[in-house]
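Undergrad: Please find one structure pasted underneath; my questions will follow.
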Amino acid sequence: MKARYFSWLLLAAVSLSSCSKEDNPGFTPDLGIAKKYMPPADAPAEIKAMYEHYGVWMRMDFNDWKEVTNGVLATDPINRWGVGKIEPAYRSSATIYAQTLLSQVTETFAKRFFPLELFFVKSYSGSFWKKDITTIGRSRLIICWPNEMYGALPVTDPERHYFMDTVLTRRVWQELGGQIAGRMEQPITAFVLGGKAYDNGEAYDKILKQYQQDGDQVARDAANAELARNGGYISANGSRSFESDFPDWLSLIATESYENIKAKYLDNSPARARKYEVIIRHFNSYGWDIQKIGNEYRQKTGN
């Protein structure tokens, strides 16, 4: 009996010692994750350059469509209708769009917060449930190319399409915003405190329910605008959470001039003005003058 008792103590001691933290824990180099999620050796030079500078793998190739729905940190269990591979004639324009998109952000910010992969495909999901843009977790952004969402433009000038198709570009930044928020260790504290507390959509849903009862669209729009103005959100939906609010701000600033943002959003809302200053400082801390990017975008759109 004593022998069993001492054997149990010895086993417990070994188990505890094996679970203790290392004195100097470090990266295990042989897991193969980095090798798996990076361009192959025979990838085009421009694909390798994007990965080297921004830490983002711009992808277009796959052998089985399930490779696309199975991301690095998550999967898409809903898509059961396949993925179409991008047409050869559109590969060059997709690459140019990805290059232009990534050129708008600093390498430091991209490597810290951007998804690991930008995946361009011809189609995603079935014809009825078709998705034009989708995200898989915070690691993969999938863009159908050419994009056919409502309001998107055909690709007629690949070099300028990023600036020509404002519908697509703003949506891309919106989706990136959600993924970036998910990669943050915690919400930006001063940004959150600059406006009203998030309520998980309680106020927004209340306005929607009232509209469903009376059908008064004018009253609904006015209530949503007031909710956004008082709370410090770009849209009323931003009142739900940081993950809803941050993408609105990112998409707006990356594609709009300061002059227009000030006139439409800041001058009439002290809360939005406070949050704007905080978020600009946050981006600047990564060497990213995002408002300069927005100013230039507005200039190049000609509006």
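The values are calculated or read from the model by the stated rules, or taken from the named source; none is laboratory data. Quantities reported herein were computed from a predicted structural model and do not represent experimental measurements. With ideal geometry, Cβ positions are generated from the backbone for all residues, glycine too; neighbour counts draw on all protein chains shown. Quick note on the areas: whole protein, heavy atoms, side chains included, nothing else; ligands and nucleic acids left out. Shrake-Rupley method; radii C 1.70, N 1.55, O 1.52, S 1.80 Å.
Undergrad: Accessible area of segment 189-301 with a 1.4 Å probe: how many percent of it is carbon plus sulfur?
TA: Taking all protein chains in place, segment 189-301 shows 49 percent carbon and sulfur surface.
Undergrad: Using only Cα atoms and rounding to the nearest 10 degrees, what angle (0 to 90) does helix 45-54 make with the longest principal axis of the chain?
TA: 90
Undergrad: Sticking with the crude label model, points 7 Å out along Cα→Cβ, report the distance from Arg281 to Arg112 in nm, one decimal please.
TA: Result: 1.5 nm between the two label points.
Undergrad: For the chain, count the residues as N, evaluate 2.2 N^0.38 Å, and divide the Cα radius of gyration by that value, please.
TA: Normalised by 2.2 N^0.38 Å, the Cα Rg of the chain equals 1.21.
Undergrad: With both bridge residues required to lie in the chain, what share of the DSSP beta bridges run antiparallel, to the nearest 5%?
TA: 45
Undergrad: Which residues in segment 99-122 have a backbone N closer than 20 Å to a point placed 7 Å from the Cα of Glu52 along the Cα-to-Cβ line?
TA: Residues passing the 20 Å test: 99-112, 116-118.
Undergrad: Here is a further query. Once a ≥ b ≥ c are taken as the square roots of the eigenvalues of the Cα gyration tensor of segment 189-301, is the result rounded (a/c under 1.5), prolate (a/b larger than b/c) or oblate (a/b not larger than b/c)?
TA: prolate
Undergrad: Give me the angle, in degrees from 0 to 90, between the Cα long axis of helix 2-19 and the longest principal axis of the Cα atoms of the chain, rounded to the nearest 10.
TA: So the inclination is approximately 40 degrees.
Undergrad: Here's another thing I want to ask about it. Quick one: pull the percent of accessible area on segment 41-180 belonging to carbon and sulfur, 1.4 Å probe, ligands and nucleic acids left out.
TA: Answer for segment 41-180 is 51 percent, counting heavy atoms of protein chains only.
Undergrad: Kindly flag which residue pairs out of Lys48/Lys85; Lys131/Lys292; Lys122/Lys292; Lys66/Lys131; Lys264/Lys292 have an alpha-carbon separation exceeding 25 Å in this structure.
TA: In this structure, Lys131/Lys292; Lys122/Lys292 lie more than 25 Å apart at Cα.
Undergrad: With the other protein chains left in place, how much accessible area per residue, in square angstrom, belongs to segment 189-301 at a 1.4 angstrom probe?
TA: Dividing the accessible area of segment 189-301 by its residue count gives 50 Å².
Undergrad: Suppose we keep just the DSSP beta bridges with both residues in segment 41-180; what percent of those would be antiparallel, to 5?
TA: 45
Undergrad: So what's the gap between the Cα centers of segment 43-87 and segment 228-303, to the nearest angstrom?
TA: Value for the Cα centre distance between the two parts: 30 Å.
Undergrad: Find the relative contact order for the chain and round it to a whole percent, using C-alpha pairs within less than 8 Å whose residues are 6+ positions apart.
TA: 14
Undergrad: Counting chymotrypsin sites (Phe, Trp or Tyr not before Pro) as exposed when in a DSSP loop with at most 12 other beta carbons within 10 Å, what is the longest stretch of the chain free of them?
TA: In the chain, the maximal stretch lacking such sites is 151-303.
Undergrad: Additional query: Who wins for biggest fluctuation among Leu102, Leu116, Leu208 in a Gaussian network model of the chain, springs between alpha carbons below 10 Å?
TA: Most flexible of the set in this elastic network: Leu208.
Undergrad: Assuming 0.36 nm per residue, please report the length gained on full extension of the stretch Lys130 to Asp216 beyond their Cα-Cα distance.
TA: Fully extending the segment from Lys130 to Asp216 adds 27.8 nm.
Undergrad: Pull out the extension gain between Asn230 and Met149, defined as 0.36 nm times the separation in residues minus the alpha carbon to alpha carbon distance; nm, one decimal.
TA: Length difference between fully extended and current span is 26.0 nm.
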